[in-house]
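What follows is a set of notes on a single structure, which appears directly below.
The values are calculated or read from the model by the stated rules, or taken from the named source; none is laboratory data. From a predicted model like this one, the values you see are computed outputs, not experimental measurements. Glycine also receives a Cβ, built like all others from the backbone with ideal geometry; neighbour counts cover every protein chain displayed.
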């Protein structure tokens, strides 16, 4: 029986970025790939490996330097077929602000289907359906630029869903979403794939998202180096680590225990239970979830460097579009600590932290930062921002120079430092975020991948040598090794320079292991503050507000291990020291 023609066919695809007077950059080096209609593909790879470049060839945003790309039988360089191509392939990018074309959410979502000639009554139905699917129907009359980063990304996803494309390309489309939002969007995509036969090509750095795929493709240095089913690919743990990638936490634990082919929490639990595994748990956790602004019990309280008390802030205040962004935020930051802030998309996290360096002033309540009262009219904001650095959700929001080196040097130059000192700070800041000075200083800033731009934004703030560093989703768009290395470097700054870190993140796995305390925000209010073990010990309460716990923590709860925060801790509890209780009874390696 003849196999149907693939909906996407790529042969020997090469793409080279060129810039006048600079060495060219070879992004793709001979890609061969067929994607069947209705297939769900997940593409993994380290930052800069060519994933986004490949995705942009699927709807002719880029054309091959050499080789061929065919979609639905037509070459992408056939300009006469461009309209049909763009209606066939819908794409959601990493950076939401680059995708908005209208000033109202529902008009933006309507733009695509309207240009396809969809009748008005059907158009309204599609807009309602798409906004409902991504949980943004209540925001349909908001201006996109007034939304949080995660909410913006939901609108972008809705705009593509409303077009009902035959091929849906997601380029880190869930990077800015909270755990519940990510699951909801993936569920929509899964239904489109299962029920409508939509072909899905999803680029992600969330390894657990790749478990949804029929086939996983791994790229490195512009080439496809590994592909297969999720079970086949994630069984090759050592190869993935060599490619700067990782595997989901449950699969890491299963691999360490010698359990065969277990990838998810359910599979690991079922495998352990079906094999008759027994184990003893350590002493149950002693830390209940603390109340707001607790007295720190494990370490004595240190100097308070930031205090937000009953903070209230409005957007578009005293206008018909007034929105109360935060209504009762209470956060204290101690010198030298790592404080994590979590909350659902649109909960007010970013609004709260933008008070920490004077970008916003309190409308009600108080904000004191490094002994400066932000309500005082004569506050030295310039001095404050030298001492408290802020890295935004979207790195492109604070990048503006043509070349990477100049962008990072902007702050030190404005401090009137000597040229040699500026150069030294730029070099050190680039090393701190894992960007080679000689390799990247002369690169065009906006030619970088999303993850690389994020590192440049962080380096630009680090070059100012701040006392407090506030990071809003610092690892979104970074590959697993890049995330690990960035955290190692930031934590080294804490040790070496006594830098205080305040981190907003939807990556619960990271926060569970790096933070001293975690603040939970919901609907503009601080709900609770406590140690990571205390906060993540309340999984049900977190899920009620759109959050979740790390997969390894859920696994620990399911197995009765207490609240575990890392794979190594789970292993230790499954394998108690000699004489501490019954050890784990494992099935033979490779057993069914």
Exercise for the section: Residue by residue through the stretch 461-507, note down the ones that are surrounded by 22 or more Cβ atoms within 10 Å (Cβ to Cβ), part of a helix (DSSP H, G or I) and in contact with a strand residue (DSSP E or B) (Cβ under 9 Å, 6 or more places away or on another chain). Expected result: 461, 462, 490
Handout entry: Where a residue in the stretch 72-86 is free of Cβ contacts under 8 Å to residues at least 12 places away in the same chain and its partner, wherever it lies, is in a helix (DSSP H, G or I) and surrounded by fewer than 15 Cβ atoms within 10 Å (Cβ to Cβ), with Cβ under 8 Å and at least six apart
Key = 74/84
Problem - Flag if residue 91 is touching a helix residue (DSSP H, G or I) at 6+ places or on another chain (Cβ under 8 Å) and modelled with pLDDT under 95 - result: yes
Handout entry: Residue match in the stretch 551-563 (condition: closer than 22 Å to residue 240 by Cβ, outside any helix (DSSP H, G or I) and touching a residue at least 60 places away in the same chain (Cβ under 8 Å))
Key = no
Exercise for the section: Look through 144, 119, 113 and report the one residue that is farther than 24 Å from residue 172 by Cα and either assigned by TED's automatic domain parsing to the domain that holds residue 187 or in contact with a helix residue (DSSP H, G or I) (Cβ under 6 Å, 6 or more places away or on another chain) (or both). Expected result: 119
Problem - the stretch 377-401, residues that are more than 21 Å from residue 456 (Cα to Cα) and in a helix (DSSP H, G or I) - result: 381, 382, 383, 384
Fill in the blank from the handout: Note on the stretch 50-74: residues more than 21 Å from residue 156 (Cβ to Cβ), at pLDDT below 95 and touching a strand residue (DSSP E or B) at 6+ places or on another chain (Cβ under 7 Å) are 50
Completion exercise
Of the candidates 60, 55, the one satisfying the condition of being closer than 25 Å to residue 223 by Cβ and not in a helix (DSSP H, G or I) is 60
Completion exercise
Flagged pairs (Cβ under 6 angstrom, 6 or more apart or on separate chains; first in the stretch 254-277, in the same structural domain as residue 553 (by TED's automatic domain parsing) and under 20 Å from residue 566 (Cα atoms); second surrounded by fewer than 19 Cβ atoms within 10 Å (Cβ to Cβ) and at pLDDT below 85) are 257/586; 258/586; 258/589
Handout entry: Where residue 526 falls short, out of the listed (1) in the same structural domain as residue 310 (by TED's automatic domain parsing); (2) assigned to a helix (DSSP H, G or I); (3) crowded, with 22+ Cβ neighbours inside 10 Å
Key = (2)
Completion exercise
Those residues of the stretch 85-108 that are closer than 20 Å to residue 394 by Cβ and either over 23 Å from the mean Cα position of the chain (by Cα) or in the same structural domain as residue 392 (by TED's automatic domain parsing) (or both) come to a total of 4
